[in-house]
Amino acid sequence: MHDIRRVREVPEEVKKSIGRKNFQADVDHLLEMDNRWRDLTKSGDDLRAEMNKASKAIGEAKKAGRDAAEEMEASRQLKEKGVQIEEEKRDLRQKMDELLMSWPAEPADDAPEGFTAADNVVYKEAGSLPSYDFSPADHLTLAKNLGLLDMDRGAKVTGSGWPLYTGMGASLERALINFMLDTHSRENGYRELFVPMVVNRDSARGTGQLPKLENDMYHIDQEDFFLIPTSEVPITNMHRDEILDLEELPLRYTAFSSCFRREAGAYGAETRGLLRVHQFNKVELVQIVKPSESAEVHQQILAQATSILDRLNIPYRVIELCAGDMSFAAAKCFDIEVWSPANETWLEASSVSNFLDFQARRMNLRYRPEGGGKPEHPHTLNGSGLATSRLMVSLLECNQTKEGEIVIPEALRPYLGGMERITGDHR
């Protein structure tokens, strides 16, 4: 949500800034409606003064023993006009809010320029790409041979793109989730939550999924609920319409959830197995902070997410997204990508975003600043720490042996009873 005062003060700057996201904000139309709304507000104020005079005139007429019918008719007409003004103001306000809600967040000044993934910047690379004296199998082949994944039965139960983890695949998925939750809650200071995986329309609107991404979400018609695309939505909306005390900040939350995305129109080799699914699991990191701290916290969340990959010994790179390739709500964003040896490509496993005050404005989330004064909007940030589906692809492929077994990273072994390898014996 954008601050209407900023649009009034620097309309061309706002238009240019949002244009960096390849979006043409109809600033002129907004200002036309805003000018009309402010004219109506002044007319309403003037009208109330006239109504006070009319009310006084009625009292004076009655006090003098005169027929006050003329004065009462004038008062009635003024009230009717006042109702019309308020109705037009409400209609204009709704249209203005809808227009503002449709505009993406302004990108940060230091976000790279560009509109497509080709304009993104490699920010960091870590780890060595594995080498083999054999042709590495892809994750789907490994998972089938070891009984870790049954995509065919998942498709039978629900449909294509709904994975079914089996045997050690299910155990490995659970181990990854528990390892990440323990790391973020016990070492990084996040409060662990277990959130609803269904949210209402206000929540989806508050974090920026609506209205733009409604077609990408699963909708429950009867209650007008949505399956969550990420636990960022219920976590951040916990504090919608609240005024926080300064001492409460920063708020740090982590949560595991399943996530649901329609991924409409996604077909082909790049969608096989776990590469693109409708349901996946993710451990999310969310922070709500003072504006002066958000840039530092953004780097902190990025480091906490990549530390998981460091400990799993999985090669990765960090991509700084250009303005036009960022999400609707993000002002600055880093993607974390893991390596797929079989496909010789990088796979996105996390996005770490700073939304500045964009989400807080949409949610009417505020905090009391130091020294009192008018409540202000905090900054919200989140990052996947991490999503398991692409992580699982990289983990299986990077840790495979010539015999088709999987060497379990040491960090996960305590979560799997000390097991060091997944072999055909574990089917």
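Numbers below:
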item	result
FRET efficiency for R201 and A64, using Cβ-Cβ distance with R0 set to 45 Å, rounded to 0.05	0.20
Alpha-carbon Rg/Rh ratio, for region 184-264, with Rh computed the Kirkwood way	1.01
Kirkwood hydrodynamic radius of region 350-404, Cα pairs, Å	14.6 Å
Neighbour-limited loop hits for trypsin sites (Lys or Arg not before Pro), region 355-404 (at most 14 other Cβ within 10 Å; DSSP other than H, G, I, E, B)	K402
Percentage of interatomic Cα-Cα distances in the chain larger than 42 Å	28 percent
Extension gain from E344 to R38, taking 0.36 nm per residue of separation minus the Cα-Cα distance	104.3 nm
Sequence ranges 251-260, 42-51, 372-381, 276-285, ranked by mean other-Cβ count within 10 angstrom, highest first	276-285, 251-260, 372-381, 42-51
Cross-link partners of K374 among aspartates and glutamates (Cα-Cα below 18 Å; sequence separation of 8 or more within a chain)	D3, D241, E242, D245, E247, E248, D357
Cα point-scatterer Debye curve for region 12-57, base-10 log of I(q)/I(0) at q = 0.15, 0.23, 0.30, 0.31 Å⁻¹	-0.55, -0.79, -0.95, -0.98
Cα-Cα over 23 Å, subset of K95/K212; K21/K89; K282/K402; K42/K79; K62/K89; K42/K63	K21/K89; K282/K402; K62/K89; K42/K63
Paramagnetic label zone (point 7 Å from Cα along Cα-to-C-beta, A411; backbone N under 14 Å) in region 312-341	312-317, 337-339
Label zone at E403, where the point sits 7 Å out along the Cα-to-Cβ direction: region 133-147 residues whose backbone N lies under 20 Å	133-139, 141-147
For the chain: relative contact order, % (alpha-carbon pairs under 8 angstrom, 6 or more apart)	20 percent
Cα gyration tensor shape of region 210-319, rounded if a/c is under 1.5, else prolate or oblate by comparing a/b with b/c	oblate
Label-point separation in nm, N364 to E420, each point 7 Å along Cα→Cβ	6.0 nm
Carbon + sulfur, % of accessible area of the chain - ligands and nucleic acids excluded, 1.4 Å	46 percent
Region 33-169, accessible area per residue, ligands and nucleic acids excluded (1.4 Å, Å²)	63 Å²
Accessible area in square angstrom per residue, region 335-427, 1.4 angstrom probe	39 Å²
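The values are calculated or read from the model by the stated rules, or taken from the named source; none is laboratory data. A quick note: this is a predicted structure, and the numbers were derived from the prediction, not measured. Counting neighbours? That spans all protein chains shown, and the Cβs are built from the backbone with ideal geometry, glycine included. We work out accessible area using only protein heavy atoms, side chains counted, and drop any ligands, DNA or RNA first. Shrake-Rupley method; radii C 1.70, N 1.55, O 1.52, S 1.80 Å.
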